[in-house]
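Participant: Dropping a structure here in structure tokens format, bear with me for questions.
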Amino acid sequence: MDNVLEVKNLCKKYDNFELKNISFKLPKGMIMGFIGENGAGKTTTIKAILNIIKSYNGEIKIFGLDNRKSDKEIKEDIGVVLDDMFFPEILTPNDINKAMQGIYRNWDTGMFNDYLKKFSLLPNKQIKTFSKGMRKKLEIATALSHHPKLLILDEPTSGLDPVARAEVVQIFQSIIEKDECSILLSSHITADLEHIADYITFINNGEIVLSKTTDELLNKYGIVKCTEKEFKDIDKKDYIKYRKTKYEYEILVSNKKDFKTKYNISIIDKITLDDLMVLMIKGEK
Amino acid sequence: MTGFIKKDLAMIKSNFKLLGILIVVYAIMGLMGKMDMSFILPFMCVMIMISTFSYDNYNKWDAYSFSLPNGRKNSVKSKYVTTILITFIVSIITTLLSFIISYVNTQTINYEQILVTMLGTVFGTLLVLTIMYPIIYKFGVEKARIGIFLLVFGIVIIGGLLANYIDLSNILKSLAFLEDYIIIILIIVAVIMVYGSYKISERIFSKKDF
């Protein structure tokens, strides 16, 4: 099994939104950043992968198994953090520990308590007394404490301050290094992903716009900055999107090197995932 | 499933105090020969459990539970099992207390009357569960509360109208031969209705999308 997760032609239609032929693969031991603006379809895709929504078309395989036919078996090995969905807030971390002992075969109380200590979470305090960041940390601790082979994390760093975010990102990295775990991580805080993600899958308006290695994206893609006159000389085939700012044109290109060879434009900036998202969504062709 | 039961029990643990207080009040009032409120206690168990649905809904637990192993099935099963479990425990405690109260007040224990009262109460409680839970799973707690009100209201109206046209005493007389088997019949009916209700709830929940 080379891919822990394979999504093929996933379609789901709502009255005002549609997932259109979503396809991507997450290789074993890798971290995939799943990016897109709010409402692009990240959470809906994740819900379909986890069978939280059932009525969809397409094929989803996890650990090589059909996610609908082998639901229980698959979920024993998945750790999940979902945006805004968790245990009722009148419970305490201790209650969650007791409940999870009866839910996951491999639940590790020692590991859970270690995470509680690491995140400074009091085991006997009700969740409702926790700040948003603390709740997120508790969700992460819960997702990690049964030795999952795949982590599916929907906005796991939202609500965390920069220090806690760095701490959490480091934990994800160390899990990948230690265990044979893979991570699908949706986030709109793309700076985190640039540091840890091996792959980036970008969804926009219910469609996958690109799914590539982070290295390829950050090293090959670039932003050309030029004047209007220079822009008019560029062939449409040689760029993906452009936008006009107050003083210049910003052009997204998929191969900086080739572009430089073809055109005599010297300013080609390195791209960030934020730039990529903004130009892909707001740019024109 | 035990994990889901532990989660539901943890959610209602703060209500155990209230139940304890009510049991003590019942004991005191019973010993003073005042109102018999034994029938209220098992009903309280269902009401307390219904409050857990509100918490689940508020924190979107149902959607989260779908991401857990066997979450769709066990979420529903644990609600039924936990409700039945606490209803039985409270009913047993209440029955034992009723024996004591009966003995203290009259120096005899009217086993038959106490057991029949408790059996009727447990049956009534299970009937509420049978009707309420599938409605909650289908429409949510708030709508279910209105639904149960309309249902009871409807039964009373229809019952009242039917009573005008049908001679109930004749029917009861013709059913008198069942009296000897009433306990067995109640148990069988209770098992069938609760199992049916569970299956309906499970079916509704298994089709839910969040």
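Participant: Could you work out what % of the accessible surface of region A:87-174 is carbon and sulfur, using a 1.4 angstrom probe and leaving DNA, RNA and ligands out of the count?
Facilitator: Working: 1730 of 3470 Å².
Heavy-atom surface of region A:87-174 belonging to carbon and sulfur, 1.4 Å probe: 50 percent.
Participant: Now, a different point. Hey, with R₀ at 22 Å, roughly what FRET efficiency would A:Ser120 and A:Ser158 work out to, going by the Cβ-Cβ distance, to 0.05?
Facilitator: 0.70
Participant: If you don't mind, there's one more thing I want to ask. Heavy-atom accessible area per residue, region B:53-181, 1.4 Å probe: how many Å²?
Facilitator: 58
Participant: Find which of B:Asn74, B:Leu186, B:Asn164 sits farthest along the positive direction of the dipole of region B:63-210, computed with +1 on the beta-carbon of Lys and Arg, -1 on that of Asp and Glu, about the Cα centre.
Facilitator: After comparing all options, I get B:Asn74.
Participant: Which residues of region B:60-74 bury at least 10 Å² of accessible area once all protein chains are present, versus their chain alone (1.4 Å probe)?
Facilitator: Residues shielded by partner chains are B:Lys60, B:Trp61, B:Ala63, B:Tyr64, B:Phe66, B:Ser67, B:Leu68, B:Pro69, B:Asn70, B:Arg72.
Participant: Moving on. Cα centroid distance between region B:1-45 and region A:181-219, in Å?
Facilitator: 53
Participant: To make sure I understand the rule: partners must be lysines, Cα under 18 Å from the Cα of A:Lys12, and not fewer than 8 residues away in the same chain. Which ones qualify?
Facilitator: Reachable lysines: A:Lys20, A:Lys42, A:Lys47, A:Lys54, A:Lys61, B:Lys207, B:Lys208.
Participant: Just to confirm a number: summing +1 for Lys and Arg and -1 for Asp and Glu over residues other than B:Ile12 whose beta-carbon lies under 15 angstrom from that of B:Ile12, what do you get?
Facilitator: Numbers: positive: A:Lys98, B:Lys6, B:Lys7, B:Lys13, B:Lys17, B:Lys79; negative: A:Glu89, A:Asp95, B:Asp8, B:Asp56.
Here the charged neighbours net out to +2.
Participant: Here is a further query. May I ask you to give the percent of accessible area on region A:218-285 that is carbon plus sulfur, with a probe radius of 1.4 Å?
Facilitator: Whole-percent figure for carbon plus sulfur exposure: 47.
Participant: Would you jot down the residues in region A:76-91 that end up with at least 30 Å² less accessible area in the complete protein assembly than in the chain alone, with a 1.4 Å probe?
Facilitator: SASA drop of 30 Å² or more in region A:76-91: A:Val80, A:Asp84, A:Met85, A:Phe86, A:Phe87, A:Pro88, A:Glu89, A:Ile90, A:Leu91.
Participant: While we're looking at this one, here's another question. Please report how far the C-alpha centroid of region B:175-210 lies from that of region A:249-283, rounded to the nearest whole angstrom.
Facilitator: 67
Participant: Provide the percentage of antiparallel DSSP beta bridges, counting only those with both residues in the protein assembly as shown; round to the nearest 5.
Facilitator: In the protein assembly as shown, approximately 65 percent of DSSP beta bridges are antiparallel ones.
Participant: Of A:Lys229/A:Lys282; A:Lys8/A:Lys118; A:Lys212/A:Lys244, which pairs sit farther than 30 Å apart, going by alpha carbon to alpha carbon?
Facilitator: Those over the limit are A:Lys8/A:Lys118.
Participant: For the Cα atoms of chain B, what angle does the longest principal axis make with the long axis of helix B:182-206, in degrees from 0 to 90, nearest 10?
Facilitator: Here the helix axis deviates by roughly 10 degrees.
Participant: Do you know which residues of region B:4-24 lose at least 30 square angstrom of accessible area in the protein assembly compared with their chain on its own, with a 1.4 angstrom probe?
Facilitator: B:Lys6, B:Lys7, B:Ala10, B:Met11, B:Lys13
Participant: Roughly how many Å is it from the Cα centre of region B:110-163 to that of region A:140-173, as a whole number?
Facilitator: 46
Participant: Can you give the angle from 0 to 90° between the axis of helix B:2-31 and the longest principal axis of chain B, with both taken from C-alpha atoms, to the nearest 10?
Facilitator: 20
Participant: Round to the nearest 10 and give me the degree value, 0 to 90, for the angle of helix B:141-165's Cα axis relative to the longest principal axis of chain B.
Facilitator: 40
Participant: Take B:Val189 and B:Asn57, extend 7 Å from each Cα along the Cα→Cβ direction, and tell me the distance between the two endpoints in nm.
Facilitator: So the two model labels end up 3.0 nm from each other.
Participant: Give the longest segment of chain A that steers clear of chymotrypsin sites (Phe, Trp or Tyr not before Pro) in DSSP loops with at most 16 neighbouring Cβ atoms within 10 Å, not counting the sites themselves. Intermediate values should be presented prior to the final figure.
Facilitator: Working: sites that count: A:Tyr14, A:Phe17, A:Tyr247.
Answer - A:18-246.
Participant: Next up: Any idea of the total accessible area buried by the A-B contact, 1.4 Å probe, rounded to 100 Å²?
Facilitator: Summing both chains' loss of accessible area gives about 2500 Å².
Participant: Over 23 Å between Cα atoms, which of A:Lys137/B:Lys138; A:Lys137/B:Lys77; A:Lys232/A:Lys260 qualify?
Facilitator: Exceeds cut-off: A:Lys137/B:Lys138; A:Lys137/B:Lys77.
The values are calculated or read from the model by the stated rules, or taken from the named source; none is laboratory data. For clarity, every value in this text was computed on a predicted model and none was experimentally measured. Every residue, glycine among them, receives a Cβ derived from its backbone with ideal geometry; neighbour counts consider all protein chains shown. Ligands, DNA and RNA are stripped out before the accessible areas are found, and what is left, the full protein with its side chains, is counted by its heavy atoms. Shrake-Rupley method; radii C 1.70, N 1.55, O 1.52, S 1.80 Å.
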